[in-house]
Structures are given as C-alpha cells and as structure tokens.
Amino acid sequence: MAADSDKPWNHPSQAHLWRPYAQMQILPPPLKAVRTEGTQIHLEDGRVLIDGIASWWTAAHGYNPPAILAAMREQLDTMPHVMFGGLTHDPAITLSEKLIALAPAGLNRVFFTDSGSVSVEVAMKMALQYWQNQGQPGKNKFICFRGGYHGDTIGAMSVSDPEDSMHKAFKSTVAHQYVLDIPSDEYAFAEFEDTVQAIAKTVAGVIIEPLVQAAEGMRLHSADTLEAIHRVTKANNILFIADEVATGFGRTGSLFACNEAGISPDILCLGKALTGGCISLAATLASEEVFSAFLSDSSEKAFMHGPTYMANPLACAAANASLEIFTSGAYLTQVEAIESQLRDELWPLRFAEGVRDVRIKGAIGVVELDAEEIDKTWLNQRFVEHGVWIRPLKNVIYLMPAFTITRQDLQKLTSAITDVVAEWASSPR
Ligand SMILES: *Cc1c(COP(=O)(O)O)cnc(C)c1O
C-alpha cells in the first residue's frame, strides 16, 4: 500500500526511518545534510549552518579533522575490524595506554564499548560484580542525582532522573535506585551525608556527571561540591563512578571535569568527543583496585561483557589521532577564549526579558528561559533562519561548539541567541 506521503512521518526523507526523540506526527521532516566542514553543516538545498552544538558535543576539533581522517584511512586499508575476543591489536593497545596516561591518577584498565550508554551499563555491571565477587551481593543499588542523564538503555535510564525526565515513561519498569539532590549548601550537604551513611550497606556505587549535568538541563555544580560528594562516597565504602561522556576531553576547561576537583573516580565513563566526532566509540576506565576484584583461580569472577564490535580498530585509530590533538594542549587556550567570549556575549542576557538564568562553564554556554516548556521546534527553526544549528533542550538554549570555532562564528551563534530569545520573549506564548 502506498504510504500517505503528505503526512510528515511519511515524507520521502524519512518514510522508513524512525527518528530519535521525535514525535514524528508533529515535527516537520528533518533537514538533509550533505557535507560538513570545520564548524559548518552544508544542507542539500545549499544553505550552510554554523553548528553551535558540535553534533551532540562530539566534534570538538571541528568537522572532518584532517589528522583523524588520515589515521582512519590508513586503518581502513589494513584492518577496519577484527574481533576482540581472543585477539588484540595495536590501535586498542595504544589507545588504552594513551587514555591511562591522560586520565585521573589511579585508573589503570580500559574496557571499550561502542556508545556512552553502554559505557555506563558496563560501569554499573562492574560495580555490581565488584561487590558480588567480594561476597557482598547486597550492595546492589546506585545513588544518582536529580537532573542527571546517563544514557538511553535500561540500566542507564535507571540512574537518570526518573521524575522529570525524557525517560519518565519507563519510570515503573527500570530498577529503583536512590535519586538524591546534588547538595547545594552546608545544610543540604549534611542531609546528603546522613542519607548516604544510612543506605551505604545497600549501595554499589554513586554515579554522577561531574560539574555539568548535561542532557537533562545543563545544570552546574562547583568543584567543591563534587569533591565533597566524592569524599562522602569513599568514606562510606561506595564506588565513585564519574560519567564524563559529555564533560570529558576539555569541555569544562580541563581535560576531565574530575581534575578540577582533584579527585580520581574508581570508574570513569568516556564517549562523545573521544574520536572527535568521527565514529562511535566509548570507554569505561577502572582502577586497579576494581579490576583486581575480578581476578580469580576459577573462571567464575570474570567480567561477563563483550560487545561484538568491541575496540573496533577503525574507531580506536580515530581516537588515537583525536587524543594527539587534545594532548597538543591548544584546546585549553581555545576553551578559555570561548568561555571569555561567552561571558561577554551571553552573560548580558541574564537581564533580558524571558530569561531565568545564564550559565557558562568552559566551552558551554546556557540560557535558561523563564518557562517550564518551550516550543523547541519553533526555536530550532528560527535559529536555522539565522543560519545557525542550535537545538534547545527542555527550557534551555545552549552552545557546546567545536573548540576550533572562530570568533566570528561564535559571535554569529550568540547574536542569533540574543535575537531569537528577544523574539520568543515578545511573542505570545
Ligand atoms: C550522551 C551521554 C550518554 C549516552 O551516550 P550515547 O553515546 O548517546 O549512548 C551518557 N552519559 C552522558 C553524561 C551523556 O552526555
């Protein structure tokens, strides 16, 4: 039967596609991209958009970075893939060494996966089995935080904000975890400490997005708060899991957000910018203390996980080239320059009509609008008319551009935000 092609969900651009996070009956069909370059997305109809969000925060070095593409081409010609069970290869060995050299002290083992969500699943399984292997199976819950997001899979959803989140439809299905507020003052901190003490016997791990709770609303907390949460976690014999899938690789102004608090997690999740936005790859890093709980004379205590495309050589080659760029050090100055320009150009918006808050941290600029729900499609379309690619989340408009963005392009992004927010605030809603 011929599809009813006047319906948006049957538009030829997506007649057989199921799109992410999208009510396809309401949303207009997506824009078709044909080429990327630097911080630009070229559309089929000839329009060119300046990307303010680096393709879901991945393309930190800008699109098509020549050094990464060259490394991938070379790998493509020799061995794009080989299974990781029973075999190993240089791209993975090199990448594990590089990651351990860069990561917070104490992390010593790398488990590769394909996506951030799976890196979180792996972290959770590691934490659960870590206690089980030591005869403490009762430590099988997680402490997580309101406003957090850790991925779309069942385990990751269970540690994301269950109430007010994109996953609330699954609230009754996913495992029940302890969802606490990130303590914001001394009083709240004392309460947090008491709660953790009371439930510690049943808790395998605390999982947190250090410094920036990203996808669930771009909320910030201080390095002192992070350090204090880490201290309480460790004092109560609980593993500390840092999900730096979004914050890792310089986004907050240091290579890892944990560095700013001077802490080393027991387990660290990385993804997104790991390959500079060129191909999917994620990693879960663990301390030698965690790893050694899986060593045994019998096969029983082994970690039972192994994605089919684990440590894909092509992706590892891309990540190795990406890490070379990160270690060259220029990113720090780039992020500093972005942060100061965001302060100059977005900060004044905190006095603008319709704006509740402006938050800036490293190469992240957030404008929270004074409404619970905003018409994100209208905003996105207005941004496209301004020649920029910005996709609001919840009630926030945010920028997480490539670190290589030029001053002029960043200025176009911030002035588009200023204009569109003014238009939004003065229109009836
Ligand atoms: C994006 C994100 C994830 C999920 O990563 P995917 O690659 O989309 O599965 C997990 N945790 C955090 C903090 C993220 O920002």
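The values are calculated or read from the model by the stated rules, or taken from the named source; none is laboratory data. Since the structure is predicted, the reported quantities are computational estimates derived from the model, not experimental observations. Heads up, the Cβs are rebuilt from the backbone with ideal geometry, glycines too, and the neighbour counts pull from every protein chain shown. Side chains included, ligands, DNA and RNA excluded: accessible areas come from the protein's heavy atoms. Shrake-Rupley method; radii C 1.70, N 1.55, O 1.52, S 1.80 Å.
Spread over its residues, the convex hull of the C-alpha atoms of the stretch 182-335 is 146 Å³ per residue. The figure for residue 166 is an accessible area of roughly 80 square angstrom, using a 1.4 Å probe on the protein chains alone.
The base-10 log of I(q)/I(0) for the stretch 31-129, evaluated at q = 0.22, 0.25 Å⁻¹, reads -1.26, -1.32 [Debye formula, identical scatterers on Cα atoms, solvent excluded]. Could you give the angle, 0 to 90 degrees to the nearest 10, between helix 186-199's Cα long axis and the longest principal axis of the Cα atoms of the chain? The two axes meet at around 50 degrees.
Converting the Cα gyration tensor eigenvalues of the stretch 213-292 into ellipsoid dimensions via √(5λ) gives semi-axes, longest first, of 22, 17, 10 Å. Taking packing as the residue-averaged number of other Cβ atoms within 10 angstrom, the listed peptides 383-389, 59-65, 264-270 run from highest to lowest as 264-270, 59-65, 383-389.
Positive contributions from Lys and Arg (+1) and negative ones from Asp and Glu (-1), summed over other residues with Cβ under 11 Å from the Cβ of residue 52, come out at 0. Cα centroids of the stretch 374-404 and the stretch 291-344: 28 Å apart.
All Cα-Cα distances of the stretch 137-243, cut into 10 Å bins from zero to the largest, leave 15, 50, 32, 3 percent in each bin in turn. Oblate is the label for the stretch 82-123. Its Cα gyration tensor axes, ordered a ≥ b ≥ c, give a/c of at least 1.5 and b/c at or above a/b. Residue ranking by accessible heavy-atom surface, 1.4 Å probe, largest first, among 110, 203, 34 comes out as 34, 110, 203.
Summing charges over neighbours of residue 202, with a neighbour being any other residue whose Cβ is under 9 Å away from its Cβ, gives +3 when K and R count +1 and D and E count -1.
Within the stretch 330-383, the percentage of alpha carbon pairs spaced more than 15 angstrom apart rounds to 56%. Charge tally for residue 117 (other residues, Cβ to Cβ under 12 Å; Lys, Arg +1; Asp, Glu -1): -3. The angle between the Cα long axis of helix 223-235 and the longest principal axis of the Cα atoms of the chain comes to about 30 degrees, rounded to the nearest 10.
Gain on full extension, evaluated as 0.36 nm per residue between residue 288 and residue 411 minus their Cα-Cα distance, stands at 39.7 nm. Too long at a 20 Å Cα-Cα cut-off: which of 168/201; 168/394; 7/32; 234/301? In this structure, 168/201; 234/301 exceed 20 Å between Cα atoms.
Using R0 = 25 Å, the C-beta based FRET efficiency linking residue 88 and residue 328 works out to 0.35. The stretch 42-66 and the stretch 111-159 have Cα centres separated by 32 Å. Once the cut-off is 18 Å, how many percent of the Cα-Cα pairs in the stretch 338-429 end up in the long-distance tail? Summing the P(r) of the stretch 338-429 above 18 Å gives 37 percent of all pairs. Classification of the stretch 1-78 by its C-alpha gyration tensor yields a prolate form. The axis ratio a/c (a ≥ b ≥ c) is 1.5 or more, and a/b outweighs b/c. For the chain, the Kirkwood radius over C-alpha pairs fed into Stokes-Einstein at 20 °C and 1.002 mPa s yields D = 95 µm² per second. In the chain, Cα pairs under 8 Å separated by at least six residues give a relative contact order of 21 percent. Would you compute, from DSSP H runs of 4+ residues alone, the mean residue ellipticity of the chain at 222 nm, taking -39500 (n - 2.57) per run and dividing by the full residue count, rounded to the nearest 500? When only DSSP H runs of four or more count, the value is -10500 deg cm²/dmol.
Note on residue 187 and residue 56: their simple-model spin labels are 4.1 nm apart, each label 7 Å out from Cα toward Cβ. Any idea what angle helix 313-327 forms with the longest principal axis of the chain, computed on alpha-carbon atoms, 0 to 90 degrees, nearest 10? Computed tilt is about 80 degrees.
Here the contact order of the stretch 169-254, divided by its residue count and restricted to Cα pairs under 8 Å and six or more residues apart, works out to 32 percent. For the stretch 195-353, the relative contact order is 18 percent, taking Cα pairs closer than 8 Å that sit 6 or more residues apart in sequence and dividing their mean separation by the residue count. Estimated at 0.36 nm per residue, the fully extended path between residue 78 and residue 373 surpasses their Cα-Cα distance by 101.2 nm.
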